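J.: Sending over a structure as structure tokens; questions will come in a sec.
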């Protein structure tokens, strides 16, 4: 997808991702196949945490065979030289299975041996968790994995019956008990919501997508660029949607570099946050 290419180009202007992207796009199995595929972040989550949630950003995920998953990580490590990506690839170089996981190795094992070992490890984990369920232990106040027949509804309550998902201040989602949630120290995760910054007071908020789109003084956490297009102040996402509606089928980043912008808009100017706030207040 174009957004993936644009984001990589923004961060690595001199790196050729063509081979990497060809595998990600053309070898995508499109669904999870047990003991065959793994879900891979095309834009690595360590470098693009804003796109790490693959339920929210499905376009950033690809189902690759174990062999291809190993291969793309080795490519990423080599062409970017990023420490986090080198560590991720090195962590895949393991020799054997033990305690339902792969042990660390000091040698490069290659995609075929990785696939064989990974398949064994996944099967071991599957056997270890078969007929077990994650539940909330009301006595010890923690989550445990127990055999399904031990689930009594009193001490051990199914995870979905006595828990809720919250989002921590760091942005990470966590499952906690209803009792803990009721202390008032957490905000629940609501579908179709986004984390934004209020430009007026600088506070971080969790609002509905509709509220974000309608309130021009709220900006997303991933991109805080501002523009003045056709005499209208716009945030990055507004600008991107606007120029696409005008017929330019690419990112705002590429549009910035396009010489004949007048084909799409009468005026285009990148502005500072301070200027945007002033103009947005007047426009609203």
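J.: Among the residues of region 90-102, are any modelled with pLDDT under 95, assigned to a helix (DSSP H, G or I) and surrounded by fewer than 17 Cβ atoms within 10 Å (Cβ to Cβ)?
T.: There is at least one residue in region 90-102 that is modelled with pLDDT under 95, assigned to a helix (DSSP H, G or I) and surrounded by fewer than 17 Cβ atoms within 10 Å (Cβ to Cβ).
J.: Looking at residue 21, is it assigned to a loop (DSSP other than H, G, I, E, B), modelled with pLDDT of 95 or more and farther than 20 Å from residue 115 by Cα?
T.: no
J.: Quick check on my filter: what residues within region 239-260 are buried (at least 18 other Cβ atoms within 10 Å of the Cβ) and either in a loop (DSSP other than H, G, I, E, B) or touching a helix residue (DSSP H, G or I) at 6+ places or on another chain (Cβ under 8 Å) (or both)?
T.: Selection gives 239, 240, 243, 248, 251, 252, 255.
J.: Next up: Kindly establish whether residue 58 is more than 16 Å from the chain's Cα centre (by Cα), over 19 Å from residue 121 (Cα atoms) and assigned by TED's automatic domain parsing to the domain that holds residue 117.
T.: The answer is no for residue 58.
J.: Kindly evaluate residue 106 against the criterion of being modelled with pLDDT of 75 or more and either part of a strand (DSSP E or B) or in the same structural domain as residue 73 (by TED's automatic domain parsing) (or both).
T.: no
J.: Here's another thing I want to ask about it. Are there any pairs with C-beta distances below 7 angstrom linking a residue in region 131-156 that is in a helix (DSSP H, G or I) to a residue that is surrounded by 13 or more Cβ atoms within 10 Å (Cβ to Cβ), with the two at least 6 apart or on different chains, and if so which?
T.: Going by the 7 Å Cβ cut-off, the qualifying pairs are 148/132; 148/133; 150/156.
J.: Still on this structure, please answer the following. Inspect region 7-19 for any residue being touching a residue at least 40 places away in the same chain (Cβ under 8 Å), touching a strand residue (DSSP E or B) at 6+ places or on another chain (Cβ under 6 Å) and either under 29 Å from residue 195 (Cα atoms) or not assigned by TED's automatic domain parsing to the domain that holds residue 92 (or both) and give the result as yes or no. Outline the logic, then answer.
T.: To start, the set of residues in region 7-19 that are touching a residue at least 40 places away in the same chain (Cβ under 8 Å) comprises 7, 9-10, 12, 15-17, 19.
In the following step, the residues that additionally are touching a strand residue (DSSP E or B) at 6+ places or on another chain (Cβ under 6 Å) were identified as none.
Checked against the condition, which is being touching a residue at least 40 places away in the same chain (Cβ under 8 Å), touching a strand residue (DSSP E or B) at 6+ places or on another chain (Cβ under 6 Å) and either under 29 Å from residue 195 (Cα atoms) or not assigned by TED's automatic domain parsing to the domain that holds residue 92 (or both), region 7-19 yields no hits at all.
J.: Determine whether residue 267 is modelled with pLDDT under 90 and surrounded by fewer than 16 Cβ atoms within 10 Å (Cβ to Cβ).
T.: So residue 267 does not fit the description; no.
J.: Identify the residue in region 191-205 that is surrounded by fewer than 15 Cβ atoms within 10 Å (Cβ to Cβ) and touching a residue at least 12 places away in the same chain (Cβ under 8 Å) and, among all such residues, is nearest to the chain's Cα centre (by Cα).
T.: Checking each candidate, the answer is 192.
J.: Could you please give the count of residues in region 1-31 that are closer than 13 Å to residue 69 by Cα and under 18 Å from the mean Cα position of the chain (by Cα)?
T.: So the count comes out to 4.
The values are calculated or read from the model by the stated rules, or taken from the named source; none is laboratory data. Computed from a predicted structure; not experimentally measured. Glycine gets a Cβ as well: all are built from the backbone with ideal geometry, and neighbour counts include every protein chain shown.
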